[in-house]
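Input: a single structure, listed below in C-alpha cells.
The values are calculated or read from the model by the stated rules, or taken from the named source; none is laboratory data. Keep in mind it's a predicted model, so treat the numbers as computed, not measured. No Cβ is skipped: glycine too gets one built from the backbone with ideal geometry, and neighbour counts run over all protein chains shown. We work out accessible area using only protein heavy atoms, side chains counted, and drop any ligands, DNA or RNA first. Shrake-Rupley method; radii C 1.70, N 1.55, O 1.52, S 1.80 Å.
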Amino acid sequence: MATTVALSKPKRGGRWSPWLFALPALIVYVGFLVYPAVSSLWFSLTNWDGLSATYKFVGLDNYFKLPSDPVVVTAVKNNLIWTVVTIAVPTVIGLLLAIALNGKVHGKPILRLIFYTPAVLPLVSIASIWGWLYNPQYGAINSFLRLLGLDGLAQPWLGQDSTALWAVMVPAIWLRTGFPMLLYLAALQGIPNELYEAATVDGATKWQQFWHVTMPSLRPAHYIVLALSLIDSFKVFDMIYAMTYGGPGTSTQVMGTWMYFNVFQYYQAGYGTAIAVVITLVAIAVGIPYVRSQTREAS
Amino acid sequence: MSTFSRRGFLGLTSAAALGAGLSACTGGGTSTSSGGATGAASNDLRVFTYEGDETIGLFKAQLKKFDQQAGTTTTVESLPGSGAAVYPDKLRTQLLGGKGPDIWRIWGGQIGSPFAKAKQVLDLAPYYQKYGWDSSINKQAIEGMTFEGMKAGLPLLSLGLGAWYNKSLFAKAGVSAPPKSYAELEEVNDKLVAVGVTPCGLGGKYGWDIMRLFEYLLEHTAGPELHDKLLTGDESWDRPEVVEAFTLFKKWQDKKWLPQGALGLDPSDVEPWYVQGKTAYTIVGPWTEAAAILSAKKSPSGFGNFELPTDKTPARHSGFVEGYMINAKASNPDKAAELLDFLAKPETQKALQITASTVKGAEPDPKSLPLSAEWAQKYGSNPFYTIQDQAFPKKQADQYFSVQSDLLQGSVKPDAAAKKMQEIVSAWAKS
C-alpha cells in the first residue's frame, strides 16, 4: 500500500525535472562544444583570414579545394600510416606486457610503473628528449650504432623524408604502450581461474588456452583499446608539431598540423577550419560504434 | 558573394550575455587620441613581447621608469624564445579573444604585415610627426614596418646577419683572417673539414635558419638588383643565377660544410655550437653575443664576426627589422605612443643593451658588447636585403623551405628547384 501511495504522489517539477537537473551540464555542453562546433562549420564556408573583422561567404569552395591540395594528400597518407602503426604496435606490445605482468614476475608494481610512466610525461618533454636522442652527430642512437660498428645505419632520422615520420612514431609507440597494458592487465585479472583449470583438464596447451580462453575474455578490453586508440591516432598533432614541425618540407604533415598551419600561420582560417571539420567528421564516424557499444552495455 | 562581419556573426549566434561581453571587448566611446583610435582613456598599458630571460629584467626596469614619469601602470608579458614561427600565433589569438595587448613587439616585413592588413594596428603617422621619429629612426628600418603606405610600427632594431665564428677553430684549420671573397670562404670550409671541424652550424627545422645560407648564396650569384627583383616577383626565378645558387646550396651539404642531417636539427640547439666548439661558425645576428657567448660565460675575445663575402657591389648582408605596434583598439593610444617614444630614446636603448638599435646615438657599448659594437662599426651602415622569411608571406616562405629541403635531399635538381620557385612566387605575385 505504501508503495502505491508514493507513486501516486504528484512529482515536484513535473516533467521538467530531468531537464532542470541536466541544465548546468547542457549549458556547458552547448557553450563550449556545440556553439564552437557550429561556428567552425560556418567559418569553413567563408574566406575568413582569421584576423580581419570581415569575411565573405564562399560556400563549399574550401572543401572542393581539399583534394587538389598536395599537402592534404600527404597528410591523409601520413594519418593512415600513423593510425595503423600507432594502434597495432602499442596494442600488441601492451597485451604482451600485460600477460607477462599477470604471471609470476618479481617487482610487478615497479615494472608497471616503468611501463606506464611515458604515458604521463608531458609530450613536449618527450619530443625534446627524443629530438636529442635522434641528433645525427651527437645523439645517443647514432652514437650507439657507431659503437657497434654499424655506422652505415646511422641516419639523420628526423632530417630526411624517408625516415622522419617513422622516427616520430617510435616515441609515440613508447608513450602509448602503457595505456593498453593497464587495460589488458585489469581485464586479465578479471578472467576466472576456473576457465584455465577446466581447459588444462581438457588437455589444452598454453597456446590453445591463450586463443580460446584469454583472447575471447579480453574482447571488451580490445574494443575499448581499439576505439580510443583510433580516435587518438586520428587527432595526432603534438608529437609531429614538436618533433618535426611537419618537415622536412611537408613530409610529416598530418591533417591536424596542416589545419593548424592554415588557420594560425597562413591566415587561411576558412580553409583550415574546413580541414578541422573533415577531421571531426572522421573522428565522429570512427567513434560512433564505440559510443553505441557503450550505450548498449549501459542499458 | 556577401560580406559578413565576424562580430555580426558572433552577435547573431551567441547568447545575449556573451554578445554583450564580446562587444565590450571591442571598445567604444569617443576618440581621445591624436592617432584616431577609439576607447576610453586608461593609464593601464599592457605590452606583449618576446624578450629573453637575459633582457626581460632590463626591459621591466625601463617600463617602471616610464610608469613613474608618465603616471601609467604598464604590465608586460613575454614569450621568450618562441621565434617568428610561434609568437605571431599567440598574438593573433590574444587579439581575436578581444583582449589583445595595447603594444606588441613584432618583426617587420611579411610577419608584421598581416596585422596591419587586418586593421588591427594603429596608424602611427600622427605620432611619427609628433615625436619626430622620421628624423631619429633609420629610414630603411621604417620602410620595413610600413605597409601599403601606413606606418604600422616603430622599428627599434635593425639586425644584420653575418658569420660569427670561433677563433680557436679557425686557428686550428690554419685560417688567420676571415675570408674576403666567396672563393676564400669555400677554401676556409675545406680547411675546416680537413681538420675534422664542421664549418657552418645551421638547422633546418622550421626552415628559416638554413634559409640564411641560401639567401646569401642567391645574393652572391644574382647580385643586389636581381635578388631584390626576385623577391618581389619582378623577375623570373627560372634563370641561371638561381640554378647556380641552388647548385652551391647542395654543394655545401655534399661537401659536409653543414652539420650531418642539418635539415632535422633545431636552430636553437645548433646556433650555440660555434661557441661550444662543435662548429666553426654560424650565420646569425648580434644578439648572439649576449645569448650565446656571454651567457656561456665565454670571453668575446675568443670569437669574431665578418660579413659573408658576396663579391658584389654594394656589399650587402641579410637583415630584418623588429619594432613595436600599437593596437588599433588600445584604450589609451596617446600613452602607448608616449611609451614607444620613451623606448626610442637613445638612453633607453642603451639601458636595454640593444645591440642593433635603429635609433641614432644608441650604438652598442664596446665595453659590454665588443663584438656587436665591432659589427655595427664595420658593417652596420651597409645596406641589407630582406631576410627571406620576412620577404615572403609564411605560406610561400614554407613552400620555399620545402623546395630547399627537397633539393638537399636530392629529390629535385637545381634547375627543377628554380622552376618550382618561379611557380610559387608567380602564384603569390598574382594573388
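Couple of notes before you dig in:
- Taking only the C-alpha atoms of chain B, Rg followed by Dmax gives 22.8, 75 Å.
- Distance between the stretch A:71-102 and the stretch A:150-217 - C-alpha centres, whole angstrom: 11 Å
- The mean number of Cβ atoms from other chains found within 10 Å of a Cβ in peptide B:386-394 is 1, as a whole number.
- Taking θ as phi - 60° and the Karplus parameters 6.51, -1.76 and 1.60, the scalar couplings of the stretch B:96-104 work out to 5, x, x, 10, x, x, 6, 9, 9 Hz in sequence order, x denoting glycine and proline.
- Each eigenvalue of the Cα gyration tensor of the stretch A:192-233, multiplied by 5 and square-rooted, gives one semi-axis; in descending order these are 29, 9, 5 Å.
- Net length gained if the chain between A:VAL120 and A:ASP238 were fully extended (0.36 nm per residue, minus Cα distance): 41.0 nm
- Mean-square fluctuations from a GNM of chain B, with a 10 angstrom spring cutoff on Cα atoms, peak among B:THR282, B:THR313, B:THR55 at B:THR313.
- Counting Cα-Cα pairs of the stretch A:150-280 in 10 Å increments starting at 0 gives whole-percent bin shares of 11, 27, 23, 18, 14, 6, 1.
- Within the stretch A:61-168, trypsin sites (Lys or Arg not before Pro) in DSSP loop having at most 12 other beta-carbon neighbours inside 10 Å: A:LYS104
- Long-range HN-HN contacts of B:TYR385 with modeled amide H, under 5 Å: B:HIS317, B:SER318, B:GLY319
- Per-selection Kirkwood Rh - the protein assembly as shown (Cα, Å, 1 d.p.): 29.1 Å
- Derived scalar couplings ³J(HN,Hα) [the stretch A:258-264; Karplus, 6.51 cos²θ - 1.76 cosθ + 1.60; whole Hz; x for Gly, Pro]: 5, 4, 4, 4, 5, 6, 9
- Kyte-Doolittle mean at least 0.5, axial Cα span of 20 Å or more - DSSP H helices of chain A: A:70-102, A:161-176, A:219-234, A:269-298
- Candidates A:TRP207, A:TRP48, A:TRP174, ranked by Gaussian network fluctuation over chain A, Cα under 10 Å, top entry: A:TRP207
- Mean residue ellipticity (222 nm) of chain B, computed from DSSP H runs ≥ 4 via -39,500 (n - 2.57), nearest 500: -14000 deg cm²/dmol
- Solvent-accessible area lost in complex, 10 Å² minimum, residues of the stretch B:204-225 relative to chain alone, 1.4 Å: B:LYS205, B:TYR206
- Spin-label pair B:ASP311-B:LYS229: with each label point 7 Å from Cα along the Cα-Cβ axis, the two points sit 2.1 nm from one another.
- Using the Cβ-Cβ distance between B:ALA427 and A:LYS56 with R0 = 22 Å, the FRET efficiency computed as 1/(1 + (r/R0)^6) comes to roughly 0.60.
- Label-to-label distance, B:LEU58 versus A:TYR290, with points set 7 angstrom from Cα along the beta-carbon direction: 5.1 nm.
- With eigenvalues of the C-alpha gyration tensor scaled by 5 and rooted, the stretch A:53-298, Å: 38, 27, 14
- Over the stretch B:287-431, equivalent-ellipsoid semi-axes from the Cα gyration tensor in Å: 34, 25, 14
- Heavy-atom accessible area per residue - the protein assembly as shown, 1.4 Å, Å²: 46 Å²
- Principal-axis tilt of helix B:56-70 within chain B, Cα atoms, nearest 10 degrees: 30 degrees
- The stretch A:152-295: relative contact order in percent, alpha carbon pairs under 8 Å with at least 6 residues between: 25 percent
- Take chain B and mark each of the GluC sites (Glu not before Pro) that is in a DSSP loop with at most 14 other Cβ atoms within 10 Å; the longest unmarked stretch, sites excluded, is B:149-431.
- Taking all Cα pairs closer than 8 Å and separated by 6 or more residues, the relative contact order of chain A comes to 28 percent.
- The trypsin sites (Lys or Arg not before Pro) of the stretch B:290-365 that DSSP puts in a loop, and whose beta carbon has at most 13 other beta carbons within 10 Å, are B:LYS297, B:LYS360.
- For B:ASN305, distant residues with modelled amide H under 5 Å away: B:TYR165
- Rounded percent of accessible protein surface that carbon and sulfur make up, the protein assembly as shown, 1.4 Å probe: 62 percent
- By the Kirkwood approach, averaging reciprocal distances over each pair of separate Cα atoms, the stretch A:81-194 gets a hydrodynamic radius of 15.8 Å.
- Per-residue average of Cβ from other chains inside 10 Å of A:154-163: 5
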